[in-house]
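Structure first, commentary second.
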Amino acid sequence: MAQIFPSLLALDFDGVLCNGLREYFQTSWRVYQQVWPEQPLGISLEKLERQFGQLRAVITVGWEMPLLLRAIVEGTPAQEILQDWPKVCDRLLATYHLTAADLGARVDGLRDRWIETDWQSWLALHNFYDGVIAAVQHWQAQGQALAIVTTKEQRFVTYLLEQAGLSFPSEAIYGKEQQQPKPVILQALQSTYGAPLWFVEDRLGALLQVAATSELAETKLFLATWGYTTAGDRAQAEAHPRIHLLSLEQFCQFPHWLSA
C-alpha cells in the first residue's frame, strides 16, 4: 500500500518543535514584577515555576502568561484554571485594569530588549525537542511542503530556528502578526496547497477549533503528546474521532503516522 503524504505539513512551534518553558517563566516573571512590583508572593519562586509549567497548557497567546502567574499567586484552584481559563483571564484583566495589548507589548518588548542586550542567556532557556531539527531538515530535502502556524511572534521563531541551524523561509511562518485564528490560516493554506493538510499542535483547543471547521474536514489532526498537554487533554483527544495522538518518536518518523 502506497504511503500517503499531505499536501502541506503544518506545525505549531512551541510545544511541538521548541521547548521554551524556562524562557516563558522567566519572561512572565519579569513582566509580573513590572505589573505587581509591591505585591508579596506568599509562595516560593520554585513552586511558582513548577505550577506554571503544570498549567502552561491553558495559554493561547503570550500576554496571558503573567496573568497565569497572578492567578497562581492569588490561590486560584488549578482545576478552575484548567477548566475556565478565559473567565479567569477576563476577571484578572478587569480587576487590575489591564489590557491584552498592554501586556502583549510588555512581553514582546521585554523579549526584544533581552535579545538585544544578552541574547545568549535568552537562547539558553530554549531547547528543541530531540530529533526535530534533523527531521525537518530531512523533510525539506525530500521536498515536503511545510509551514509553521503559531501564536508566537514570527521574528522570535525565525531567530530561534536560525540559531538551531535550520533555514526556514519567513513566508512559511505564520505568526501572531497574522491576527487570524489558526483555522482561518489553515483554510488559506488549503486554498494554496489543496487537501489534505496535516496539522500538528500541542494545544487541544486549537485542534478542536479546526475539527469544528467544515471547510477543513479533510485535514488530519495530531496532538503532540510531548508538548504542553495535560492528561485530560490526551484522554479527550484519544476519544475524538478525528484527532490522533502522536509521540515524539512517531513525529520524527513522518510520514508513517497514521499506520504507526
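For LYS47, go through the aspartates and glutamates and keep the ones whose alpha-carbon is under 20 Å away, minus same-chain ones fewer than eight residues off.
Hits, sequence-local ones excluded: GLU23, GLU38, GLU64, GLU74, GLU80.
Work out, step by step, the length gained on full extension between GLN33 and HIS138: first 0.36 nm times the residue separation, then minus their alpha carbon distance; give nm to one decimal.
Gain in length upon complete extension: 33.5 nm.
For the ranges 149-156, 63-70, 164-171, what's the packing order if you count other beta-carbon atoms within 10 Å of each residue, average per peptide, and put the highest first?
Packing proxy ranking, top to bottom: 63-70, 149-156, 164-171.
Quick check for me: using +1 on Lys/Arg Cβ and -1 on Asp/Glu Cβ, what's the dipole size of segment 61-117 about its Cα centre, in debye to the nearest 20?
80 debye
Order the following by accessible area, largest value first: HIS244, HIS138. Probe radius 1.4 Å; ligands, DNA and RNA are ignored.
In descending accessible area the options line up as HIS138, HIS244.
May I ask you to list the lysines whose Cα is less than 23 Å away from that of LYS182, ignoring any residue fewer than eight positions away on the same chain?
LYS87, LYS152, LYS220
Taking N as the number of residues in the chain, what is its alpha-carbon radius of gyration divided by 2.2 N^0.38 Å?
1.02
What does the charge dipole of the chain about its Cα centre add up to, to the nearest 20 debye, if the Cβ of each Lys and Arg holds +1 and the Cβ of each Asp and Glu holds -1?
Using only the charged Cβ atoms, the result is roughly 180 debye.
If you line up the Cα atoms of segment 152-225 on their principal axes, what length do they span on each, largest first, in Å?
Projected onto its principal axes, the Cα set of segment 152-225 covers 37, 29, 21 Å.
Kindly work out what percent of the DSSP beta bridges joining two residues of the chain are antiparallel, to the nearest 5.
Here the share of antiparallel DSSP bridges comes out near 10 percent.
Looking at PHE128, PHE168, SER191, which one has the Cα that reaches farthest to the positive end of the dipole of segment 124-201 (charges on Cβ: Lys, Arg +1; Asp, Glu -1)?
Sorting the options by dipole projection puts first SER191.
Magnitude of the Cβ-charge dipole of segment 95-204, K/R +1 and D/E -1, about the Cα centre, nearest 20 debye?
200 debye
Just the accessible area per residue of the chain, please: how many Å² with a 1.4 Å probe?
Value for the chain: 47 Å² per residue.
The values are calculated or read from the model by the stated rules, or taken from the named source; none is laboratory data. From a predicted model like this one, the values you see are computed outputs, not experimental measurements. Backbone-built Cβ (ideal geometry, glycine too); neighbour counts: all protein chains shown. For the accessible areas, the whole protein counts, side chains as well, though only heavy atoms, and no ligand, DNA or RNA atoms are used. Shrake-Rupley method; radii C 1.70, N 1.55, O 1.52, S 1.80 Å.
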